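Colleague: Sending over a structure as structure tokens; questions will come in a sec.
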Amino acid sequence: MKKAEINKYMFISALAGFIFTVTAMPAGAENSALVSKLDEGVVRIISYQEVQQKLEPVGTGSGFVVAGGIVVTNRHVVDDAAKVAVMQKRGDIFDLHDAEVLWSSSEVDLAIIRSKNVRGTPAKISTVVPEKGAKVLAIGFPGKADDISPVQSEASWFRNLAESTITQGIIGRKVTTNLVENGQEIELLQHNAQVNKGNSGGPLFNECGEVIGVNTIKAASEIVMDDDRPRVSPTEGVYWAVTASNLANALRSKNIEFTPIDTECRTALTPDSESGVTTTTEQNFLITLAVIVAVGMSIVAIVLVMNRGHRKGDNGGLSADKRTSASVGQKSQPPKPDSPVKWIFRGRTSDGKPIHLILRKHQFDGRRSVLLGRDERICDLAIEDSSVSRQHARLEYRNGQLFICDLGSRNGTRVNENHIGAQERPLSAPCKLVLGSLILSVTSAVND
């Protein structure tokens, strides 16, 4: 059989498989990508108070990006704070950015803060109140989620701080009430996507990935009498979010540009025959049909290839001798040199203490990066030197090569006198690595 004909039937088979893949599996892939994108714009808010003439973190909440450098949260999260900071995940680490409160209101329990270095795709703000039973998604940082284990290390505790929690539920009802005495009445959404202390200020999304509310409060527990003894009866499944229309009004009053949505969210799971939206039943039929067509086309292609092969025999292709000759005639590629399996960092601190750190390739197994800095609680390679920042630089290993980038350190990073910024640069040993005023010689070894 000719090579061109084989390729033709292989193409038909591959096309059938592709049709099946894109038809039968879009919902899960799209939903996963959407949730991941929404998560990138959700941040942790940390409030500080002065304790014994030092600023100490005393509270934490959630927030989300609505425009470049602009974050929304609850007023009660930042109220009376001496300082506010925004924590945001970046790979295996987190960034902590200073922030300032631009506006806040106790009547709607909302605050707008600015942090110029914050990243993430700005959230779309939907002013359409969802119907009862509509599915919702809450993303935030419940404080109790930080206490995973009583024996967890400080390093793992710090790494988990910037990892958000996602819960889902449905809208229970819309209510109207005032949040402060004699204050204006506002709309709240009651839902059952579980939130706790720390979720305050976090977004409540609809199925289209649009913010429909800002999580604010949960139903309080109550004390009941049980056999003449008081018992605390926790209330679960009742949570409230300030509607996004209140947020939209606040953003407009401050002349902050954002993306408003004033149309109803309709997804593939929303049945509407008149609008032409595909329902779940129709999807199942299309998926079944795609499977049958794909399998049928694959079988036909295989049978045709086998029949042609039987009629023409094996002479249609290269003989064994010709194949061997073709292989022998090809230019052999030189073997690649062994890549390093460990790197050694040597030097002395500013007070003369020797430094001897070893980084092994297996330390990158299951993770993207390794941190280099002064704080041993969050850094894999810790150096106690005053010129080195707490999180000074990040090391990554890809395709046999070590890369380095600076994490906004106070005194900078250089490799062989070349300044290293946030952009990754190769760290090729042997070389000289300078962290602040600390000089390290870096060598490598191909054997451990």
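Colleague: Per 0.36 nm of contour for each residue apart, how much would the distance between Glu181 and Gln401 grow if the chain were fully extended, relative to their Cα-Cα spacing? Please report the intermediate quantities before stating the final value.
Modeller: Details: separation 220, 0.36 × 220 = 79.20 nm, distance 6.24 nm.
Full-extension gain reported as 73.0 nm.
Colleague: First measure r as the distance between the Cβ atoms of Glu384 and Gln49, then evaluate 1/(1 + (r/R0)^6) with R0 = 41 Å and state the FRET efficiency to the nearest 0.05.
Modeller: Working: r = 29 Å, r/R0 = 0.70.
It comes to 0.90.
Colleague: Tell me the accessible surface of Phe258 in square angstrom (1.4 angstrom probe, heavy atoms of protein chains only), to the nearest ten.
Modeller: 40 Å²
Colleague: Using the 2.2 N^0.38 Å rule of thumb for compact globular proteins, work out how the range 44-100 stacks up: its C-alpha Rg over that value, please.
Modeller: On the way: Rg = 11.7 Å, N = 57, 2.2 N^0.38 = 10.2 Å.
That ratio works out to 1.14.
Colleague: Same structure, new question: Calculate the spin-label point distance for Asn31 paired with Gln194, positioning each point 7 Å from the Cα along the beta-carbon direction, and give it in nanometres.
Modeller: Between Gln194 and Asn31, the simple spin-label model gives 1.9 nm.
Colleague: Further, regarding this structure: Hey, could you pull the Cα Rg and Dmax for the range 358-448, both in Å?
Modeller: 12.3, 35
Colleague: For labels at Lys174 and Asp39 in the simple 7 Å Cα→Cβ model, what's the distance in nm?
Modeller: It works out to 3.1 nm between the two label points.
Colleague: Between Asp146 and Arg119, take the C-beta separation as r, use R0 = 22 Å, and let me know the FRET efficiency to the nearest 0.05. Don't jump to the answer; show the numbers that get you there.
Modeller: Values: r = 23 Å, r/R0 = 1.02.
Using R0 = 22 Å, I get an efficiency of 0.45.
Colleague: Set the Förster distance to 45 Å, then compute FRET efficiency between Thr443 and Val101 from the Cβ-Cβ distance, nearest 0.05. Provide the component values of the computation, followed by the final result.
Modeller: On the way: r = 50 Å, r/R0 = 1.10.
Result of the calculation: an efficiency of 0.35.
Colleague: How much length is gained on full extension from His362 to Lys83, taking 0.36 nm per residue of separation minus their Cα-Cα distance?
Modeller: Values: separation 279, 0.36 × 279 = 100.44 nm, distance 4.01 nm.
Here the segment from His362 to Lys83 would lengthen by 96.4 nm.
The values are calculated or read from the model by the stated rules, or taken from the named source; none is laboratory data. Keep in mind the model is a prediction, meaning the values are calculated, not measured. As a convention, Cβ positions derive from the backbone with ideal geometry for all residues, glycine included, and neighbour counts pool all protein chains shown. Surface accessibility is based on the protein's heavy atoms, side chains included, excluding ligands, DNA and RNA. Shrake-Rupley method; radii C 1.70, N 1.55, O 1.52, S 1.80 Å.
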